[in-house]
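In what follows, a single structure is set out as structure tokens and then discussed.
No value in this document is a laboratory result; all are computed from the given coordinates. For clarity, every value in this text was computed on a predicted model and none was experimentally measured. Backbone-built Cβ (ideal geometry, glycine too); neighbour counts: all protein chains shown.
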Ligand code: FPP
């Protein structure tokens, strides 16, 4: 569990081996509510502060040369939260896109959504669709926003899509392989995450990218997401680069 660093960002950054970067980083942005509570602020203030970290981390990931960044913004279970909290999250998403879209586009960021976007209220849905359309030809950094996303739902949905193809005679049952199945996930054509980061001290996956994380390296920290800086991101990458990935084989 990593928490604090005494070195500056520039010093930490130098420790990264830029030839061995993780291609895909996924983040569970957790702890906004507890951060706000600790400061006697409403939970929405925690989410607002969380958006500032989104801006910093997206910029840092792009500058470092990360190709895919997946951020867990809203789960299929988050609808259970009070109505005003759900509304504030949706509003923040709209403000984020309105405020950042031109900048993201200029920096070659392609925005994608993982999740069932049709259930998202009209205004945020329109903004997101606009962002997806505007950035569709960019390829420097693919920014996946997991929105109304749940891993179990994603897998079930993929099973339905494959089953429909079987029913329509497009594929035989025997032809279904993990690779074929993967093509029906929201992340189709994308590499699996190499590194999954969860701040806030929680040591669980919470229905995130269940199929894709089979061989992902995990990195946890006690800091709440509104305190998560680009230095933490660098430290996670440095730790990742010390891991030996065997994919079930033996060390090569
Ligand atoms: C978890 O903290 C965080 C969320 C459910 C929302 C994350 C969303 C944002 C940071 C802002 C919107 C996203 C984008 C991409 C602009 P929590 O509220 O569960 O924290 P707690 O466990 O301390 O209560």
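Overview of values
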| quantity | calculated |
| --- | --- |
| Spatial separation of Cα centroids for segment 46-99 and segment 235-250, in angstrom | 27 Å |
| Within segment 225-252: backbone nitrogen closer than 20 Å to the residue 5 label point (7 Å, Cα to C-beta) | 225-244 |
| Gyration tensor verdict on segment 37-83 (Cα atoms; rounded if a/c is under 1.5, prolate if a/b is larger than b/c, oblate otherwise) | oblate |
| Over the chain: Rg over Rh, Cα atoms, Kirkwood Rh | 0.97 |
| GNM top mover of 174, 100, 202 - the chain, alpha-carbon springs below 10 Å | 174 |
| Approximate spin-label separation residue 123-residue 136, in nm, with each point projected 7 Å along Cα-to-Cβ | 2.6 nm |
| If the convex hull is drawn through the Cα atoms of segment 112-170, its volume per residue in Å³ | 116 Å³ |
| Which of 76, 6, 70 has the fewest Cβ neighbours within 10 Å, and the rest in rising order | 6, 76, 70 |
| Cα convex hull of segment 158-252 - mean projected area over all directions, nm² | 8.3 nm² |
| Added length on full extension, which subtracts the Cα-Cα distance from 0.36 nm per residue, residue 116 to residue 203 | 28.7 nm |
| Mean Cβ neighbour count within 10 Å, used as a protection proxy, ranking 109-121, 33-45 highest first | 109-121, 33-45 |
| Extension reserve of the residue 246-residue 210 stretch, reckoned as 0.36 nm per residue once the Cα distance is removed | 11.0 nm |
| D (Stokes-Einstein, µm²/s), Kirkwood Cα radius, segment 22-107, 0.692 mPa s at 37 °C | 234 µm²/s |
| Two-site label geometry, residue 161 and residue 79: point separation in nm, points 7 Å out along Cα→Cβ | 2.0 nm |
| Pairwise label distance in nanometres, residue 229 with residue 86, each label 7 Å out on the Cα-Cβ vector | 3.7 nm |
